[in-house]
Amino acid sequence: VKLYIPEPSYKKEFSEYLLQKHSCIGQIIVFNCQSEANYLAKYDEKVLDGSLIFIKDEINSGSEDIIDSYHFQYNLKFYLESKNYNVSLNRKVAISKEGNIKNDLSHLKIFANVNNSKILSIINNSEFMLRQQIGNDLIIKCRVCQFRYSCMSNSDLIKDDLGNWNKMSLCNFNPYNN
């Protein structure tokens, strides 16, 4: 689980507690960093092992993916997961500030609201889980891309009239010319 926290709400002690007591949380990403916490934290051991990340970007429901090789993952665990799942959506749930439950904040589909539904029943729902199981090998443009096992695009998926999966937002990389 990746936990996103806006910088004004970040508390070092609480973040350390979460990482220590809840093994399901693999990473805490502190976003919208405008203060010195961004720079002071770079020497923190949690930052060095990758479980705590500080970024200047603001994240909201309108944020789009930035597809860049800087964001690519290069490790065996990630590769094996990407062979069977959509790594950007697998084992993740997004809850908007309004309480809407989605696969990703940028997606249009709302599955329920935390104020009147149990999260567990939603994340175990087959419709919610469907996009987690559509890896890049099943997506038209991505399945021929040499970076498909290291790319982490959160773009929403749509099915065309022929039953093929496509990403709504495509990256600028053209696998047919490279």
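Across the range 108-124, in residue order, what do the Karplus-derived ³J(HN,Hα) couplings come to in whole Hz, using 6.51 cos²θ - 1.76 cosθ + 1.60 with θ = phi - 60° and x for Gly and Pro?
7, 5, 9, 8, 5, 10, 5, 6, 9, 9, 8, 4, 4, 5, 6, 6, 8
Keeping all protein chains in position, work out how much accessible area Lys56 exposes to a 1.4 Å probe, and write it in Å² to the nearest 10.
Lys56 has an accessible surface of roughly 110 Å² with all protein chains in place.
What order do Val114, Val144 take when sorted by accessible area (1.4 Å probe), most exposed first? If you can, show how the numbers build up before the last one.
On the way: Val114 50, Val144 70 Å².
So the residues, ranked largest to smallest area, are Val144, Val114.
Please give the solvent-accessible surface of Lys141 in Å², to the nearest 10, using a probe radius of 1.4 Å with every protein chain present.
40
Work the Kirkwood hydrodynamic radius out for the range 86-178: mean of 1/r over every pair of different alpha-carbon atoms, inverted, in Å. Could you put the intermediate results ahead of the total?
Values: mean 1/r = 0.0706 Å⁻¹.
When all Cα pairs of the range 86-178 are included, the Kirkwood radius is 14.2 Å.
From the protein chains alone at 1.4 Å, what is the descending order of accessible area for Tyr176, Tyr79, largest first? Spell out each step's value before the answer.
Values: Tyr176 145, Tyr79 90 Å².
The most accessible residue leads, giving Tyr176, Tyr79.
Round to the nearest 0.05 the FRET efficiency obtained for Glu16 and Asn113 when R0 = 25 Å and r is the Cβ-Cβ distance. Walk me through the numbers before you get to the answer.
Values: r = 31 Å, r/R0 = 1.24.
So, using R0 = 25 Å, E works out to roughly 0.20.
Would you pull out the residues with amide H under 5 Å of Tyr4's amide H, same chain only if 5 or more places away, H placed 1.01 Å from N?
Result for Tyr4 returns Ile29.
Starting from the residue with the highest accessible area, list Arg91, Arg131 in decreasing order, probe 1.4 Å.
Working: Arg91 140, Arg131 50 Å².
Accessible-area ranking of Arg91, Arg131, largest first: Arg91, Arg131.
At Leu170 and Phe147, where each label point lies 7 Å from the Cα along Cα→Cβ, what is the point-to-point distance in nanometres?
That separation, rounded to one decimal, is 1.5 nm.
The values are calculated or read from the model by the stated rules, or taken from the named source; none is laboratory data. Predicted, not measured: the structure shown is a model, and the values here were computed from it. Virtual Cβ from ideal backbone geometry, glycine too; neighbours counted across all protein chains shown. Heads up: the accessible areas ignore ligands, DNA and RNA and are worked out on the full protein's heavy atoms, side chains in. Shrake-Rupley method; radii C 1.70, N 1.55, O 1.52, S 1.80 Å.
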